[in-house]
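The values are calculated or read from the model by the stated rules, or taken from the named source; none is laboratory data. Quick caveat: nothing in here was measured; it's all calculated off a predicted structure. With ideal geometry, Cβ positions are generated from the backbone for all residues, glycine too; neighbour counts draw on all protein chains shown. The accessibility values were calculated without ligands, DNA or RNA, using every heavy atom of the protein model including side chains. Shrake-Rupley method; radii C 1.70, N 1.55, O 1.52, S 1.80 Å.
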Amino acid sequence: MNKAKSLDFKKVISENILIIIVLLMVVLVSILKPNFLSLNNFSNISVNTAVRFIIALGISGCLITKGNDLSAGRTVGLGACIAGTLLQKPDYSGKFFPNLPQLPIWLVLLIVIAICCIFGFINGCVVSFWKVPPFIATLGMQTIVYGICLVYTKAVPLGGYRKDYTDIASGKFFGVPYLFFIAFVFGLFMWFLYNKTRHGKYMYAIGGNEVAAEVSGINVSRTKIKIYVLASALFAVAGFLLGAKAGGASVNTGLSYELEAIAECTIGGVSTNGGVGKVSGILVGVLVFELLKSSMQFLKIDTSWQYIVQGAVIIVAVALDLRKYLAKK
Amino acid sequence: MSEYMLEMRGISKSFPGVKALDNVTIKVRPGTVHALMGENGAGKSTLMKCLFGIYKMDEGEIYLNGEPVHILNADDALHKGIAMVHQELQPIPERSIAENIFCGRYPVRQVGPLKVVDHKRMYDEAYELLKQVRMEYDPKAKLGTLSISQMQSVEIAKAVSMSAKVVILDEPTSSLTDNEVEALFRIINDLRDQGVSIIYISHKMDEILRISDDVSIMRDGQYVGTWEAKELTIDAIIAKMVGRELTNLFPPRDNVPGEPILELKGVTSILPNSFKNVNLTLRRGEILGLGGLVGAQRTELMEAVFGIRNIASGEIYFKGKKVTIKRPKDAIRDGIGLITEDRRGTGIFGVLSIADNVSIASLDQYVDAGIVLNDAKIEKLVSDNVAKLSIKTPSSKTLIQSLSGGNQQKVIISRWLANNPDILIMDEPTRGIDVGAKYEIYQIMIDLAKQGKAIIMISSEMAELIGMSDRIVVMCNGKVTGEVSGEEATQENIMHFATKFN
């Protein structure tokens, strides 16, 4: 009996080794740099985490159905740019649409979501009906969306945002950033969707065994299209928020965010083999990644080296995930 | 030469919570076919995995031709002369036959400083090897163009090329036609004459008695004994496997067929080599057997009824009304369920729980307020079914992949029962399921028929077909070639229709 317990303990450690290493790192950094634990830094991390969490939630549906969405980062960028062009100060000299009237913020958000959803819809259709592997389909879409963003913005960087727009990111409620609440609401929504609705059950079923899902009467194509559309909608929201946070946007906004999102999901236990993944796990994955980045910044590690570490973490995360799967055989 | 080609002595292997093998000993004489039998879970494949170093055994020794050997992995086993032709072949279909045979050890020749693959030698040698397994075939052909039985022959040729002394055949005939089985048996006899020892794992009793010299039986991880095949009968083998006398393999059928519920008229596939002009009537409360050889297009026909395949012409009448079924959802709406033949590939959701696996096809029934799933209702559905079909599982949250084949099958039956269908199509319902669980599945089928449901059962096991069907429709080469009532059915008259190619 004791032996079995110690085996479990070993398993828990080996399956969560990345999380444990990052937590140890956090402890180390907090000792070395006491202001790492300051409220200010935490609000900073939560703001960063919020946007990344929403992107990771979007991509999780694709991953759970053994798909992917490599157009995520570019869609985030396009969303940020569209929002940026529509929410500039009336008196800003470099205004993109000089004669644009003051649009309500919610309308802009809806426009951004609607436009980005078109690309998700195309992704979903290409994957479902043409049976193009999601990796390739969305890789192509990544380039297309980037091109559209270039055409639309003429590669001009955007700035001079209205205060009511940037307030969304900088505003706080009892010292807690609005973004924290927004992310919380999205997390709750996705948890509900994944666990309490037919769509969620169908998603896990398709990821677990697509043919069996088809035989069970699930409309696989429709479910996948919904997943890719929802993903784009979340990327749109993330882009909208990212623009507000940065106070500007350019065609390079969101570049390669999809890779981080995939890594975060994988660290959080979304299996690349499909059918497995929880919202709570995704949150842990995003936190781990953001804490890692923040710790490295606090330790004043050269940015170039930060990329190398992040890349290594992504590979190790997927390797560990696959090891879990292989061990079962 | 030692008395035994292969000896495994005192093999024990434990997994957390289970003793999978308990002091198992098996001795295989040279130049014999040695059948290894037991219910699923008896430990046959664990024993073979220990032999191949895939599992590390806790205790025990392996002797090859009298010499103690230590086998590290499957590759090492192959080099020591032990080869396995697996249940699920793992060939590379896009490469040639020769490359599949010589994969990993291509003949090479020196060109300057380089070693390049000697294609001519490879093809010539492959041709000779194929001849040895009675296959006159171009070794340059893509492996994927072969039938499963031919691929098996290629696997055996590969074993021969490694001059294997022991060849293990794991369920080699599970997807072969009778002619192909005969061809395989000729190859096996050739190997035996050359002094090769063959370990033959199968559930098909009649084959075992025909082909094997010795029979070893295992039960619950323990070695029961070894007998000469000629001393044994099917009943004796079953009794030793289950540890009790099984007087009846099939429960008594007390269901009464009623009025017709499903009619097929002239149903023809869009594919030229598939089912053609099929007429079929199914009645309420009836178990209709669908017999035929592998390749008779029975599965394809039933998949068309269920909306997975397309029909070019013909009509389907359900309760007297003409219906159009384009996708599974249509069939489910009409009250039809399909239990597919490949349980792992197209039936279960391995990484999901029992609860999810049971409820997935009927979720529409448990929705509150148009969107929220009612977990309590789902839980009730699951616990009702677990009790009713006596599914052995620790909890409804258990992953289905950790259950035995029989219990997985019951979970899939529950999935369809949740929709309260009128018709249940069961494609090879007891494939890969042990004797005890088979009986339970049969009882469930009869109970369903008694409730007025109609069952179509595709089966390649003659005994099952004859033992369970009220009526048997036999197909051959895409056409219905005959029909016999359950009482009149014999292996002979079914076989007669199943091989009526013209």
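See the values below:
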{"read-out": "Failed condition for B:Arg109, given (1) over 30 Å from A:Lys11 (Cβ atoms); (2) touching a helix residue (DSSP H, G or I) at 6+ places or on another chain (Cβ under 9 Å); (3) touching a residue at least 40 places away in the same chain (Cβ under 8 Å); (4) open to solvent by 20 Å² or more (accessible area, probe 1.4 Å)", "value": "(3)"}
{"read-out": "Residue match in region B:293-300 (condition: of a type in the set (Ser, Thr, Tyr) and without any contact (Cβ under 8 Å) to a residue 60 or more places away in the chain)", "value": "no"}
{"read-out": "Where a residue in region B:454-472 is on the phi < 0 side of the Ramachandran plot and its partner, wherever it lies, is among the hydroxyl-bearing types (Ser, Thr, Tyr) and open to solvent by 10 Å² or more (accessible area, probe 1.4 Å), with Cβ under 8 Å and at least six apart", "value": "B:Ile458/B:Thr299; B:Ile466/B:Thr490; B:Asp470/B:Ser485; B:Arg471/B:Ser485; B:Ile472/B:Ser485"}
{"read-out": "Members of region B:221-236 that are in a strand (DSSP E or B) and either among the aliphatic types (A, V, I, L, M) or modelled with pLDDT under 85 (or both)", "value": "B:Val224"}
{"read-out": "Single match in B:Leu130, B:Leu176 (criterion: over 30 Å from B:Gly66 (Cβ atoms), at pLDDT below 85 and open to solvent by less than 40 Å² (accessible area, probe 1.4 Å))", "value": "B:Leu176"}
{"read-out": "Pairs, first free of Cβ contacts under 8 Å to residues at least 60 places away in the same chain in region B:114-139, second part of a strand (DSSP E or B) and buried (at least 17 other Cβ atoms within 10 Å of the Cβ), C-beta under 8 Å, six or more apart", "value": "B:Pro139/B:Ser96"}
{"read-out": "Residues (free of Cβ contacts under 8 Å to residues at least 40 places away in the same chain and either surrounded by fewer than 24 Cβ atoms within 10 Å (Cβ to Cβ) or more than 8 Å from chain B (Cβ to nearest Cβ) (or both)) located in region A:203-214", "value": "A:Val211, A:Glu214"}
{"read-out": "Some residue of region A:220-227 being assigned to a helix (DSSP H, G or I), open to solvent by 10 Å² or more (accessible area, probe 1.4 Å) and more than 16 Å from A:Asn123 (Cβ to Cβ)", "value": "no"}
{"read-out": "Number of the exception - B:Gln152 against (1) open to solvent by 30 Å² or more (accessible area, probe 1.4 Å); (2) more than 19 Å from B:Met5 (Cβ to Cβ); (3) at pLDDT below 90", "value": "(1)"}
{"read-out": "Matching helices (runs of 4 or more DSSP H) fully within region B:285-385 where at least 2 residues are surrounded by fewer than 18 Cβ atoms within 10 Å (Cβ to Cβ) and within 12 Å of chain A (Cβ to nearest Cβ)", "value": "B:328-334"}
{"read-out": "Residues of region B:92-102 classified as under 27 Å from the mean Cα position of the chain (by Cα) and open to solvent by 20 Å² or more (accessible area, probe 1.4 Å), total", "value": "4"}
{"read-out": "Subset tally (residues that are open to solvent by less than 50 Å² (accessible area, probe 1.4 Å) and hydroxyl-bearing (Ser, Thr, Tyr)) for region A:272-329", "value": "2"}
{"read-out": "Unique residue being within 21 Å of A:Thr138 (Cα to Cα) and within 14 Å of chain B (Cβ to nearest Cβ) when the list is A:Val237, A:Val276, A:Val220", "value": "A:Val220"}
{"read-out": "Near pairs, Cβ below 8 angstrom, 6+ apart or cross-chain, from region A:248-271 (surrounded by 24 or more Cβ atoms within 10 Å (Cβ to Cβ)) to any residue that is of a type in the set (Asp, Glu) and not in a loop (DSSP other than H, G, I, E, B)", "value": "A:Thr266/A:Asp321"}
{"read-out": "Candidates B:Ala83, B:Ala74 - the one that is more than 23 Å from B:Leu209 (Cβ to Cβ), touching a residue at least 12 places away in the same chain (Cβ under 8 Å) and within 14 Å of chain A (Cβ to nearest Cβ)", "value": "B:Ala74"}
{"read-out": "When residues of region B:389-446 are limited to those that are outside any helix (DSSP H, G or I), small (Gly, Ala, Ser) and over 16 Å from B:Thr340 (Cα atoms), the one modelled with the lowest pLDDT", "value": "B:Ser404"}
{"read-out": "Residue, surrounded by the most Cβ atoms within 10 Å (Cβ to Cβ), within region B:218-269, restricted to residues that are of a type in the set (Ser, Thr, Tyr) and under 30 Å from B:Glu300 (Cβ atoms)", "value": "B:Ser269"}
